[in-house]
Amino acid sequence: MSDRALVDQMDDQTILLILSHVTQELQKELPQEQLGAIRSQDEAREAIVALLNATGENTAQLDATQIVPEDEENPALSRGVLELLLNDEAARPKAEELLANPPKEEQMSVTLAIAGAVILGVLIAWLQTKIDLKVSWKGGKTDIEFEMEKDKTDPETIKEVAKAIISLLGTTPL
């Protein structure tokens, strides 16, 4: 059975459990300084918008509040993120393993009410496999910088990452 067919057969809870576990697995491979780079859901949203702006992909002029709103269940987005991970060289082995052997609910309880947090978490962990995020706070304002020093990361790869995120969010660049 194809990965797509397996994803289609799974319930929303299982998809969120898989995403949560993939996040943990991706984070295990990140440098220590990257683990605390993003401290909140708001910073995660700001980082995504900053990436879209830096690559010129934010043609819809999205702001941070429009990126995976907290109070909005979005099963299609969860499934889209899982498919993105299944198509990514770095994340594929982890995602495929969890897809083949999904975590059991008693192993980790994730409710649909926190789906946005799970989606943001996995997107940031995935981004951090591609780029280094640097976050600083000055005068009550968050400043997010990207360093593209990761192996095999070039500006075109970053642009493709941004395009994938725009596509996931359902916003087609103009």
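The values are calculated or read from the model by the stated rules, or taken from the named source; none is laboratory data. Note that this is a predicted model, so its numbers are computed, not measured. Note that we place each Cβ from the backbone using ideal geometry, even for glycine, and neighbour counts take in every protein chain shown.
When Ile119, Ile114 are checked against the criterion of being at pLDDT below 90 and under 20 Å from Ala162 (Cβ atoms), Ile119 stands alone in meeting it.
Leu62: in contact (Cβ under 8 Å) with a residue 24 or more places away in the chain, surrounded by 14 or more Cβ atoms within 10 Å (Cβ to Cβ) and assigned to a helix (DSSP H, G or I), yes or no? For Leu62, the condition - in contact (Cβ under 8 Å) with a residue 24 or more places away in the chain, surrounded by 14 or more Cβ atoms within 10 Å (Cβ to Cβ) and assigned to a helix (DSSP H, G or I) - is not met. Does region 1-44 hold any residues that are part of a helix (DSSP H, G or I), among the aliphatic types (A, V, I, L, M) and surrounded by fewer than 19 Cβ atoms within 10 Å (Cβ to Cβ), and which are they? Answer for region 1-44, where residues must be part of a helix (DSSP H, G or I), among the aliphatic types (A, V, I, L, M) and surrounded by fewer than 19 Cβ atoms within 10 Å (Cβ to Cβ): Ala5, Leu6, Leu35.
Would you confirm whether any residue within region 147-161 is in contact with a helix residue (DSSP H, G or I) (Cβ under 7 Å, 6 or more places away or on another chain) and either in a strand (DSSP E or B) or at pLDDT below 75 (or both)? Scanning region 147-161 turns up at least one residue that is in contact with a helix residue (DSSP H, G or I) (Cβ under 7 Å, 6 or more places away or on another chain) and either in a strand (DSSP E or B) or at pLDDT below 75 (or both).
Pairing each residue of region 23-34 that is at pLDDT below 90 with any residue that is not in a helix (DSSP H, G or I) and not β-branched (Val, Ile, Thr), provided the two are 6+ apart or on different chains, yields C-beta distances under 7 Å for Leu26/Ala91; Gln34/Asp132; Gln34/Leu133.
Selection of region 65-100 for residues being of a type in the set (Asp, Glu) and part of a helix (DSSP H, G or I) yields Glu83, Glu96, Glu97. For first residues located in region 120-131 and assigned to a loop (DSSP other than H, G, I, E, B), partners that are among the aromatic types (Phe, Trp, Tyr) and lie 6+ apart or on another chain with Cβ distances below 8 Å form the pairs Ile131/Phe146.
Against the test of being over 14 Å from the mean Cα position of the chain (by Cα) and modelled with pLDDT of 85 or more, the options Glu89, Glu70 yield a single qualifying residue, Glu89.
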